[in-house]
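Working notes for the structure below.
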Amino acid sequence: MISRIVKLFTNELLIATAIMLNAILLFIMGYESLHQNEFLMILDHGFTIFFVFEMVVKMGLRGWKPYFENNWNKFDFFLVVISVPSLFVLLIEIPDLSYLLVFRLLRVMRILRFMRFIPNIRKMVSGIGRAFRASVFVLVALVIYNVLLAILSSYLFRDEAPEMFGNPAISLYSIFQVFTLEGWNDIPATIIANSDGASWKPVLTRIFFFIVVISGGIFGMSIMNAIFVDEMVMDNNAGLEDKVDELNKKVDELMEELRKSSKS
């Protein structure tokens, strides 16, 4: 009996199916008309209890130290633990306070558990980590540049567009919008439309935003994207380079054999 239970909770295909079904259930419960459906809530509690038993069985089978040596197990443990408070309603009557709503929303994070079944997910995660480390300096430089431009633009354009440049904090978002090139042209157009009639202000505005778009939006973001993507595909490039080196070695060996045979 115990061996069957262990086999049940260590079957990765069954666990993946349970995670997928739970994700579908959480999606359905997102509709307001079904959010408080008693049958669906019981099913959701059943999935939570299933995942708790899965965690306990694996921890008991492998020991808690080996269990936590695996990063995916740590991730699973975190997601299961934040789901457990939703089970308290089965034991005691709890008023639906705002903090309980937060716990309910956190249950949706259980969908992320399915990520560990994606092929080559470890390579992908390590690639993202490597790419972030490589691009963090460019990111910091862009943030500093964003802050400087936000302060400057706040002093230049606060009167013409207070909703965009009323203070440095609001300016940060507006300048970042220019960096992303998403609807950036509406910003200088608004400033020019609200100018007090000074002939130099529209010219200054166009020059300022031209420089911001070129330096931050095109060069800055492009450089960061290029570094990020290059680091992400480094594993693939390394594999290709190894294959090319291996082919070159075989060609050299064949050429050496041909020379020897020609001499003999």
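For the subset of segment 15-39 comprising residues that are of a type in the set (A, V, I, L, M, F, W, C) and more than 24 Å from Met55 (Cα to Cα), which member is surrounded by the most Cβ atoms within 10 Å (Cβ to Cβ)? Filtering segment 15-39 for residues that are of a type in the set (A, V, I, L, M, F, W, C) and more than 24 Å from Met55 (Cα to Cα), the one surrounded by the most Cβ atoms within 10 Å (Cβ to Cβ) comes out as Met29. Here the helices (runs of 4 or more DSSP H) wholly within segment 168-264 that include at least 2 residues being out of contact with any helix residue (DSSP H, G or I) (no Cβ under 7 Å at 6 or more places or on another chain), at pLDDT below 90 and β-branched (Val, Ile, Thr) are 234-263.
Exactly one residue out of Thr205, Thr180 is surrounded by 16 or more Cβ atoms within 10 Å (Cβ to Cβ) and of a type outside the set (D, E, K, R), and it is Thr205. Taking the criterion of being modelled with pLDDT of 80 or more, among the small types (Gly, Ala, Ser) and either touching a His at 6+ places or on another chain (Cβ under 9 Å) or not in a helix (DSSP H, G or I) (or both), the only residue of segment 9-42 that qualifies is Ser33.
Each residue in segment 162-199 was checked for being small (Gly, Ala, Ser) and within 18 Å of Ile211 (Cβ to Cβ), and 3 of them qualify.
Restricted to segment 59-109, the set of helices (runs of 4 or more DSSP H) holding at least 1 residues that are at pLDDT 75 or above comprises 64-69, 71-83.
The values are calculated or read from the model by the stated rules, or taken from the named source; none is laboratory data. Model, not experiment: these values are computed from the prediction. Please note: Cβ atoms are built from the backbone with ideal geometry, for glycine as well, and neighbour counts cover all protein chains shown.
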